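First up is the structure itself, then whatever we jot down about it.
The values are calculated or read from the model by the stated rules, or taken from the named source; none is laboratory data. Just so we're clear, the structure is a prediction, and the values are computed from it rather than from any experiment. So basically every Cβ, Gly included, is an ideal-geometry build from the backbone, and we count neighbours across all protein chains shown. To get the accessible areas, we keep the full protein, side chains included, count just its heavy atoms, and leave off ligands, DNA and RNA. Shrake-Rupley method; radii C 1.70, N 1.55, O 1.52, S 1.80 Å.
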Amino acid sequence: MSVLPLVFTSGWASGINAYAVILLLGVFGATGLSDEVPESLQSPGVLITAGVLFACEAVADKIPYVDSVWDAVHTVIRPTSGAVVGALLAGQSGSLSDLAAGAVGGSTALASHAVKAGTRMAVNTSPEPFSNLVLSTAEDLGVGGIVSFAMFHPEAAAIIAAVLLVTGLVLLLFLAHRIRRFLRRRAQRREERRLAAGRPPG
């Protein structure tokens, strides 16, 4: 069976929470629930590191504006993680070239990361703080549920991930004005801090 559906789903999930994907895949492999997971993702060091970073993300991702800073830092990390996980899964199964799997995983992760980061910018224009908590929790549960589902029903999970990705990209178009408002506010805060510090524009 081709590993492509699992690569696509793990790529989509990596764009939202790369550490959760690595942790879940590692646990599935280490417990013997799946033989699709390469040994490198099952090592105790990888599992502990992924668990600690997942805990950090679980906190940072629920705090307004901190989540957007976290997303900015992970603009490279999430697509890279999606590409690496995809290549490792392909190498384990031998049904797809590592290069092709890396391209699928990385590009899918980049697209879903763009949806996540853009949605958070839009949400951060809201004055109440609860939207971030609800959205972040839904993302965590969604990633956990779909990755777990993909281990046993990869084709169905890939279809769900594709629908969510397309829906998210369409949603970004409708939220574009709120994203621009977030970026204007951030630029204004930077200018205010610069003026307060008495620094000349540069």
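What number, in percent, do you get for the relative contact order of the chain if the mean sequence gap of Cα pairs under 8 Å and at least 6 apart is divided by its residue count?
This gives 29 percent for the chain.
Based on Cβ point charges of +1 for Lys and Arg and -1 for Asp and Glu, what charge dipole magnitude is obtained for the chain about its Cα centre, in debye rounded to the nearest 20?
The calculated dipole for the chain is roughly 1380 debye.
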With +1 at each Lys and Arg Cβ and -1 at each Asp and Glu Cβ, the charge dipole magnitude of the range 54-152 around its Cα centre, to the nearest 20 debye, comes out at 120 debye
Overall dimensions of the range 1-74 as given by Cα atoms, namely Rg and Dmax in Å: 13.6, 43
In degrees, nearest ten, helix 176-197 long axis to first principal axis of the chain (Cα): 60 degrees
Where only protein heavy atoms count, and the probe is 1.4 Å, what is the accessible area per residue for the range 62-202 in Å²? 53 Å²
Placing +1 on each Lys and Arg Cβ and -1 on each Asp and Glu Cβ in the chain, then taking the dipole about the Cα centre, the residue among 145, 69, 96 whose Cα reaches farthest towards the positive end is 69
The chain, helix-only ellipticity at 222 nm - DSSP H runs n ≥ 4, -39,500 (n - 2.57), divided by all residues, nearest 500: -28500 deg cm²/dmol
Please state the charge dipole magnitude for the range 1-101, taken about the Cα centre, from unit charges on C-beta atoms (+1 on K and R, -1 on D and E), reported in debye and rounded to the nearest 20. 80 debye
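Residues with beta-carbon under 10 Å from that of residue 60, excluding residue 60: net charge, scoring Lys, Arg +1 and Asp, Glu -1?
Working: positive: 62; negative: 57, 61, 67, 71.
My count for the surroundings of residue 60 gives -3.
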Using alpha carbons only, how many degrees (0 to 90, rounded to 10) separate the axis of helix 98-123 from the longest principal axis of the chain? 30 degrees
Residue by residue through the range 53-69, which ³J(HN,Hα) values in whole Hz follow from phi under the Karplus form 6.51 cos²θ - 1.76 cosθ + 1.60 (θ = phi - 60°), with glycine and proline marked x? 5, 4, 5, 4, 5, 4, 7, 4, 6, 9, 10, x, 6, 4, 4, 6, 5
